[in-house]
Amino acid sequence: MTNPLTVIKGHLSKLTNAQRIIADYILKNSSEVAFLTIHDLAQRVNTSSTTIMRLMSNLGYSGYSEFQKGLQKLIRDQTAPQTRLEINLENVNKDDLWGNTINHHLYQIQKVMEQMPKSQLDEVVKKITSSRQVICTSVRSGLPIGQYLTHGLNRTLGNCRLVIADTSDWVDEIITMKSEDLIIATSFPRYAKRIIDFVKAAKCHGVQIVAITDSYSSPIAEYADIVLPCDSDSLAFHNSPIVAMIVADYLINATAIGQSEETRKRLDKINEMLKDMNYHY
């Protein structure tokens, strides 16, 4: 979802004087406007609801509600977890939290299936299978995706490893990286600076970057060759990995099936070693 404040700034020169007054108020009071009704906003800027609706149309939104949802998401992305929890508590039905949670994620999954072309995912698979090495990286809420990808891709290819961006000394890693290498980086709000620094430095060394993040306006997207946008909203305060996990699972499936003969040979060898170690119960 595009940053609504960026959209306003990009359209300022095309707005009427009345619309520019509304836009200026929104830019200066975005946290307040995110939770005002259209009638309340009209009163604050001494205009009509119709003028506000015309502004939304000029900005490319279907209505004030769509614009406001984008503004609320922006605020959630930029605020601390406890504030995000307070915002979400205003909208969640606590009497059916289990059903709401399931429906919330089903909606997200359906949305990512409709909005993310298979060709885009298959392009990532090509990069994975043609790379000299694959490095998965993330921090905190994005770390489960990095760990899952690392395990699945390494079982298939044997050239994948995990770098935890905020604890590893990745400077030593970067100086040996080449343009044939690939980094798959997962970054969710509030976008840890350490992982952005890692990806930025790697990009300067010609490393290919795939970003799994919540939107194309995410700061990591600037350095990515391919962006895989995965909604990370939850009903509480945290970034949810559910949608990104499904995307990661597809990448593992497609890589393993596309390299089925090589995968079978690797799995046979791994299984023999595990048997020798008496690893499984």
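The values are calculated or read from the model by the stated rules, or taken from the named source; none is laboratory data. The structure presented is a predicted model; accordingly, all values stated were derived computationally and were not measured. Counting neighbours? That spans all protein chains shown, and the Cβs are built from the backbone with ideal geometry, glycine included. Remember, those area values only see protein heavy atoms, side chains included, never the ligands or the DNA or RNA. Shrake-Rupley method; radii C 1.70, N 1.55, O 1.52, S 1.80 Å.
For the reader, a short list of remarks on this structure follows.
- Among the residues making up the stretch 1-30, those that are in a loop (DSSP other than H, G, I, E, B) and more than 18 Å from S217 (Cβ to Cβ) are L15, T16, N29.
- Residue check for K200: open to solvent by 10 Å² or more (accessible area, probe 1.4 Å), basic (K, R), over 16 Å from I145 (Cα atoms) and touching a Phe, Trp or Tyr at 6+ places or on another chain (Cβ under 8 Å): yes
- One residue stands out among those in the stretch 246-281 that are open to solvent by 70 Å² or more (accessible area, probe 1.4 Å) and aliphatic (A, V, I, L, M): the one that is nearest to the chain's Cα centre (by Cα), which is I246.
- Among the residues here, D181 does not qualify as modelled with pLDDT of 85 or more, under 18 Å from S131 (Cα atoms) and either open to solvent by 40 Å² or more (accessible area, probe 1.4 Å) or touching a Cys at 6+ places or on another chain (Cβ under 9 Å) (or both).
- Looking only at the stretch 65-97, and only at residues there that are surrounded by 13 or more Cβ atoms within 10 Å (Cβ to Cβ) and of a type in the set (S, T, N, Q), the one that is modelled with the highest pLDDT: Q68
- Picking from residues in the stretch 145-167 that are crowded, with 16+ Cβ neighbours inside 10 Å and hydroxyl-bearing (S, T, Y), the one that is nearest to the chain's Cα centre (by Cα) is Y148.
- Residues of the stretch 212-242 satisfying the condition of being within 16 Å of K200 (Cα to Cα), among the hydrophobic types (A, V, I, L, M, F, W, C) and not in a helix (DSSP H, G or I): I212, A224, I226, V227
- From I22, I26, residue being modelled with pLDDT of 90 or more and buried (at least 17 other Cβ atoms within 10 Å of the Cβ): I22
- Subset tally (residues that are modelled with pLDDT under 90 and under 9 Å from the mean Cα position of the chain (by Cα)) for the stretch 189-212: 1
- Residue identified as under 20 Å from A254 (Cα atoms) and more than 13 Å from the chain's Cα centre (by Cα) among D225, D172: D225
- Members of the stretch 31-71 that are among the β-branched types (V, I, T), assigned to a helix (DSSP H, G or I) and under 29 Å from the mean Cα position of the chain (by Cα): V33
- Failed item in (1) open to solvent by 40 Å² or more (accessible area, probe 1.4 Å); (2) of a type in the set (S, T, Y); (3) at pLDDT below 85, with S62 passing the rest: (3)
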